[in-house]
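Reading through the structure tokens given below for one structure.
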Amino acid sequence: MKEEERETEEGAPFEGEFRERLRSVKSVTERRTIAGLARELGSLPVDAARAALETSASIAGVSLRASIEFLRAAPRASRVIEAADLRAWGEMGRRLAMGDVETAVSFFNAGVEELGHVPPQARPLVFQVCSRQMTLSSAVALETFRNAPLLAAYVTDPELLRMVFEVAAEISKRSARHSADFLKTTPRVARRARDFGPNDAERIFRAAILLASAFAARAGGIAADAWTALPAALA
């Protein structure tokens with residue numbers, strides 16, 4: 001009962017905020033569309049619904065159309081990712097809309113179902129890396145986002161995958177381009193580590209990540225160069 005009361009208390013200001021934002025939309029047709037989409041958010045947990053509404057308002061400051069597409073995709077996306085990641089996904093789309101609205105619309109329409117193959121502990125790092133890469137190129141960030149599920153197929157251990165994206169995030173502090181190169185090379189390093197057999201593959205790959213992490217902490221982009229050299233060195 002207490003939980004229901006708490007959700008009701010949280011939901012009251014939430015609904016008030018929504019009505020206020022809805023009134024700011026001038027087009028009657030668009031107001032009806034947004035209101036209809038918002039009703040679908042009522043079935044979501046309060047934190048996810050609030051994240052969706054607040055993020056859509058932020059996107060609307062750039063493109064109302066992209067904001068509507070985000071709202072349309074949010075209920076489906078919330079079944080895959082947490083509220084914090086929903087915000088990060090929306091923010092990524094907002095930044096895409098600043099460059100090209102059609103790209104942002106396509107981004108939201110594509111959804112996040114494939115991201116379900118990425119372990120939850122690695123997802124915030126995926127968005128962190130993409131956010132930093134967008135300062136260089138939205139195309140690079142999109143490629144990283146779309147390739148994250150493929151990378152999860154190569155690095156199947158959730159902890160090792162988290163470590164990989166942790167190193168990429170560290171590299172991206174200094175060089176967005178090198179962080180992308182690091183992630184592109186990772187499948188080759190993983191395959192080479194497997195050549196040593198099932199007993200040693202994980203131990204060698206973990207040691208390789210720790211080495212790359214040391215490079216990343218001290219020299220940023222040089223970690224990607226060292227990572228690229230690893231397959232030949234291991235051979």
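The values are calculated or read from the model by the stated rules, or taken from the named source; none is laboratory data. Given the structure is predicted, the values throughout are model-derived calculations rather than measurements. Note that we place each Cβ from the backbone using ideal geometry, even for glycine, and neighbour counts take in every protein chain shown. We work out accessible area using only protein heavy atoms, side chains counted, and drop any ligands, DNA or RNA first. Shrake-Rupley method; radii C 1.70, N 1.55, O 1.52, S 1.80 Å.
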Of everything in the stretch 121-169, what is in contact with a Pro (Cβ under 8 Å, 6 or more places away or on another chain), open to solvent by 20 Å² or more (accessible area, probe 1.4 Å) and in a loop (DSSP other than H, G, I, E, B)? Give them in sequence order.
GLN121
Pull up the stretch 193-209, narrow it to residues that are free of Cβ contacts under 8 Å to residues at least 40 places away in the same chain and either in a helix (DSSP H, G or I) or touching a Ser or Thr at 6+ places or on another chain (Cβ under 8 Å) (or both), then point me to the one that is surrounded by the most Cβ atoms within 10 Å (Cβ to Cβ).
ALA208
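Going by the conditions given, is ALA180 small (Gly, Ala, Ser) and surrounded by fewer than 16 Cβ atoms within 10 Å (Cβ to Cβ)?
no
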Output for the stretch 210-235, where each listed residue is surrounded by 13 or more Cβ atoms within 10 Å (Cβ to Cβ) and in contact with a Lys or Arg (Cβ under 8 Å, 6 or more places away or on another chain)
GLY220, GLY221, LEU230, PRO231, LEU234
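Given the structure, is ALA97 aliphatic (A, V, I, L, M) and in contact with a helix residue (DSSP H, G or I) (Cβ under 8 Å, 6 or more places away or on another chain)?
Working: aliphatic (A, V, I, L, M): yes; in contact with a helix residue (DSSP H, G or I) (Cβ under 8 Å, 6 or more places away or on another chain): yes.
Judged against the criteria, ALA97 is a match.
Conditions tested, residue by residue: (1) among the basic types (Lys, Arg); (2) out of contact with any Asp or Glu (no Cβ under 8 Å at 6 or more places or on another chain); (3) at pLDDT 95 or above.
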site	(1), (2), (3)
VAL167	no, yes, yes
SER172	no, yes, no
ALA180	no, no, no
ASP195	no, yes, no
ARG206	yes, yes, yes
LEU210	no, yes, yes
ALA216	no, no, no
ALA226	no, yes, no
ALA229	no, yes, no
